[in-house]
1. Only one of Gly140, Gly147, Gly80, Gly66 is buried (at least 22 other Cβ atoms within 10 Å of the Cβ) and out of contact with any strand residue (DSSP E or B) (no Cβ under 6 Å at 6 or more places or on another chain); which?
2. Looking at Ser250 and the list (1) in contact with a helix residue (DSSP H, G or I) (Cβ under 7 Å, 6 or more places away or on another chain); (2) buried (at least 21 other Cβ atoms within 10 Å of the Cβ), which single condition is not satisfied?
3. Determine whether Gly107 is closer than 22 Å to Leu50 by Cβ, out of contact with any His (no Cβ under 9 Å at 6 or more places or on another chain), open to solvent by 20 Å² or more (accessible area, probe 1.4 Å) and not in a helix (DSSP H, G or I).
4. Does the stretch 76-99 include one or more residues that are part of a strand (DSSP E or B) and among the hydrophobic types (A, V, I, L, M, F, W, C)?
5. With respect to the numbered conditions (1) open to solvent by 30 Å² or more (accessible area, probe 1.4 Å); (2) modelled with pLDDT under 95, which one is the sole condition not fulfilled by Cys16?
6. Working carefully through the options Gly234, Gly203, find the one that is touching a residue at least 40 places away in the same chain (Cβ under 8 Å) and in a loop (DSSP other than H, G, I, E, B).
7. Return the only residue of Arg344, Arg330, Arg306 being in a helix (DSSP H, G or I), of a type outside the set (Ser, Thr, Tyr), over 25 Å from Trp229 (Cα atoms) and within 23 Å of the chain's Cα centre (by Cα).
8. For the condition at pLDDT 95 or above, open to solvent by 20 Å² or more (accessible area, probe 1.4 Å), touching a His at 6+ places or on another chain (Cβ under 8 Å) and not hydrophobic (A, V, I, L, M, F, W, C), what is the one hit in Pro338, Pro263, Pro320?
Amino acid sequence: MESIYYVLSWACHRKCPHCYEPRFRPYVRAALDAVIGEAVANSPRIIERLPERMTYLDRARPAPDGKLPQRRGRIILSGGEVLIDPVRTRVLYPAMERIRTRYAGAGGVDLIVQTTGDLLTDSIVDDLLARGVSTISVSGIDEFHSGMKSAARQAAFKERLTRLFEAHGLKPAEEPVVPETRAQRPPGPYYHFFGATPDAWIGALWPRGRAWENGLSTATLAENFCNRWSGGLGFLEHRYSGSEVSIDPSGNVFPCCIKTRLPIGNLLEDDLITILDSLAEEPAYQAICAGHPERMGLAYGWNEERFIAESHTVTPKGEPYANLCIGCDRFHEAVLGPVIEAARLRRATARACVA
């Protein structure tokens, strides 16, 4: 598989107004113990259910003889904020060590640690490098993050971290986190900056979480988040380039980072490839995989016109709004629950037969 976006924990040190997931927030005392406890308990079981190899066949760059070269995939470890105590020491570091060991004899894996960046220190960078980090990806370069309102502050923050990274031998990744040319670049490790800016990730904010609650989403029907990287595009085709899924701290699996209304399975029950293959023939998920969510309902009595109609709603501020993610949510709620449950039961029956 090319990429897995694994959210290790809900804990964060911020409560950003644009965050797509309201569970990403500060926790204290018993609540913090609970989210850390969930991550500590689930992470080893989740990692055990990841693909046996994190490699993929690169359809974008075939060899001269037409054969597809095999490339090394990546696992992006994110939060929340993975560098806060005790997430860093009790969850992130053990997960990095476990993942590195799991794939050491199976083609390896690139480990990307995603962070807002403000907690990085010399010792933490050393710790990440010692555990095999491939890229440190700083995601907080935008006006929504505290202290980053102006371009000047963002530039100063990037300059400080650039000096820190380069002092440790990291190189700048000139392309995005999901580069089209990553197979050709020289060996890392790397550092990378991005943020929720109008011209980058992500200009039209997802209609989710606090971004939705605060009326920040500017997406329209023209913004098809499904038909892009970290959307659902290609997620079922796990043998090939372009496949990525998202995993939350509970082990739930989603075809996109924005997260469909219902997960497609859970890694505490089934391994990831089994979950994907169990849905490979479902027309709704084939449509997501093709980047055409408006076609999700064609085999279930929803034509494209109905899907578009269901994609209209009203924002919490009382303003009209339309985006395909809204239609996807409603289709999951109205139709896909039994489809997902039937797939889960098929997997459970197959496990019982093997046992």
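The values are calculated or read from the model by the stated rules, or taken from the named source; none is laboratory data. Every value quoted in this text rests on a predicted model; they were computed, and no experiment measured them. Positions of Cβ are generated from backbone atoms using ideal geometry, with glycine treated the same way; all protein chains shown enter the neighbour counts. SASA here: full protein model, heavy atoms, side chains in, ligands and nucleic acids out. Shrake-Rupley method; radii C 1.70, N 1.55, O 1.52, S 1.80 Å.
1. Just a single option satisfies the conditions, and that option is Gly140.
2. Failing condition for Ser250: (2).
3. Criteria met by Gly107.
4. Residues of the stretch 76-99 that are part of a strand (DSSP E or B), as a first pass: 76-78.
This time we only want the ones that are among the hydrophobic types (A, V, I, L, M, F, W, C), so: 76-77.
Looking through the stretch 76-99, at least one residue is part of a strand (DSSP E or B) and among the hydrophobic types (A, V, I, L, M, F, W, C).
5. All conditions pass for Cys16, except number (1).
6. Working: Gly203 fails: touching a residue at least 40 places away in the same chain (Cβ under 8 Å).
Answer to the selection: Gly234.
7. Every option except Arg344 fails the conditions.
8. When all the criteria are applied, what remains is Pro320.
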